[in-house]
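Worksheet: the structure to be examined is printed underneath.
The values are calculated or read from the model by the stated rules, or taken from the named source; none is laboratory data. Fair warning: this is a prediction, and the values are worked out from it, not measured in the lab. Ideal geometry is used to build each Cβ from the backbone, glycine not excepted, and the neighbour counts take in all protein chains shown.
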Amino acid sequence: MSSPPLVLGDRHGAVLRLTLNRASARNALSLELMEALKTELATAAQLPDLHVIVLAADGPTFSSGHDLKEMAAKRSDGDKGRAAYARIFQSCSELMMAIVHHPLPVIAEVQGIATAAGCQLVASCDLAVASSAARFATPGVNIGLFCSTPMVALSRNLSRKHAMAMLLTADMVSAEEALGLGLVNKVLPPELLTTETMALAERIAAKPRATVRTGKEAFYRQLELPLSEAYAYASQVMTKNMLATEAEEGICAFLEKRPPNWPA
């Protein structure tokens with residue numbers, strides 16, 4: 001018998017739900033799971049009628065982070081696992097960058113605990129909606145493995161001191177605390193999580209696709225630039241955007257007081 005897919009894909013009009021399907025292993029990010037998710041994201045990027053991706057998980061845990069059993073088994077390799085660990089962490093970095101650089105907005109739907117690289121996965125998404133039952137932590141320091149790669153995403157979402165507090169103490173952060181820290185956008189009762197996340201995705205999906213793509217790319221690029229360079233870059237983006245069909249239609253519709261008729 002073949003194993004069930006590690007990532008489930010489910011289309012809802014212009015929204016694609018990708019669900020981590022490794023609940024028995026607390027959705028640990030094994031190398032195989034990360035590669036499967038990268039493949040799904042790459043495929044989704046090529047679909048012209050897709051506008052938004054929701055990243056969810058099956059079971060009570062969103063993701064417990066890297067698969068420590070998989071990693072521990074590599075210590076018996078001739079190089080004590082060095083090559084395997086490098087490949088695992090490289091794949092993880094590629095996955096997170098695939099989300100950030102994806103042309104479509106990616107929304108994390110967090111129903112349970114997200115720790116270590118699982119927390120990194122949430123932080124890497126463009127938006128995150130959490131159940132009130134969700135909790136977050138970067139507990140690597142507790143086992144002698146500092147959460148250095150999760151730190152990259154975490155430090156780009158939280159203030160430095162809040163990020164360092166999570167990394168150094170390994171304390172669990174509640175969904176409400178995560179909202180205050182800026183790790184998630186909204187906290188909902190568990191029974192409303194999927195409905196409200198999909199409603200958010202559908203609102204975004206109704207926006208002009210090319211405009212959203214332009215905006216997402218520009219958002220992340222300007223963050224890494226000095227202020228004057230960021231404004232110069234953003235001005236170039238807006239100039240190009242003004243010449244696009246979507247902007248022409250949207251502005252005409254606004255001035256004519258009618259709903260826009262977005263191009264397909």
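Lys161: out of contact with any strand residue (DSSP E or B) (no Cβ under 6 Å at 6 or more places or on another chain), surrounded by 16 or more Cβ atoms within 10 Å (Cβ to Cβ), within 30 Å of Ala137 (Cα to Cα) and not polar (S, T, N, Q), yes or no? It is false that Lys161 is out of contact with any strand residue (DSSP E or B) (no Cβ under 6 Å at 6 or more places or on another chain), surrounded by 16 or more Cβ atoms within 10 Å (Cβ to Cβ), within 30 Å of Ala137 (Cα to Cα) and not polar (S, T, N, Q). Considering the range 1-18 alone, what residues qualify as being under 14 Å from Ala201 (Cα atoms), of a type in the set (A, V, I, L, M, F, W, C) and more than 16 Å from the chain's Cα centre (by Cα)? Ala14, the sole residue that qualifies. Take the conditions (1) under 22 Å from the mean Cα position of the chain (by Cα); (2) within 20 Å of Ala45 (Cβ to Cβ); Pro263 misses just one of them, which is (1).
For Ser124, state whether it is buried (at least 23 other Cβ atoms within 10 Å of the Cβ) and under 11 Å from the mean Cα position of the chain (by Cα). Answer is yes for this residue. Taking the numbered list (1) farther than 30 Å from Pro263 by Cα; (2) assigned by TED's automatic domain parsing to the domain that holds Ala28; (3) in a helix (DSSP H, G or I) in turn, Leu145 passes all entries but (3).
Number of residues in the range 148-196 that are free of Cβ contacts under 8 Å to residues at least 60 places away in the same chain, of a type outside the set (D, E, K, R) and not in a helix (DSSP H, G or I) equals 13.
Taking the range 236-260 as the region of interest, how many residues are in a helix (DSSP H, G or I) and surrounded by 10 or more Cβ atoms within 10 Å (Cβ to Cβ)?
Summing the residues that are in a helix (DSSP H, G or I) and surrounded by 10 or more Cβ atoms within 10 Å (Cβ to Cβ) in the range 236-260 gives 16.
When each of Ser91, Ser24, Ser3 is tested for being farther than 30 Å from Pro263 by Cβ, modelled with pLDDT under 95 and either in a helix (DSSP H, G or I) or among the hydroxyl-bearing types (Ser, Thr, Tyr) (or both), the lone residue that passes is Ser3.
May I ask you to say which residue of His66, His102, His51, His12 is of a type outside the set (D, E, K, R) and in contact with a Cys (Cβ under 9 Å, 6 or more places away or on another chain)?
One residue alone meets the criteria, His66.
The residues of the range 40-81 that are assigned to a helix (DSSP H, G or I), of a type in the set (S, T, N, Q) and either farther than 29 Å from Pro139 by Cβ or touching a helix residue (DSSP H, G or I) at 6+ places or on another chain (Cβ under 9 Å) (or both) amount to a single one, Thr43.
Of Ala128, Ala98, Ala108, all but one fail to be in a helix (DSSP H, G or I) and closer than 21 Å to Lys216 by Cα; the exception is Ala98.
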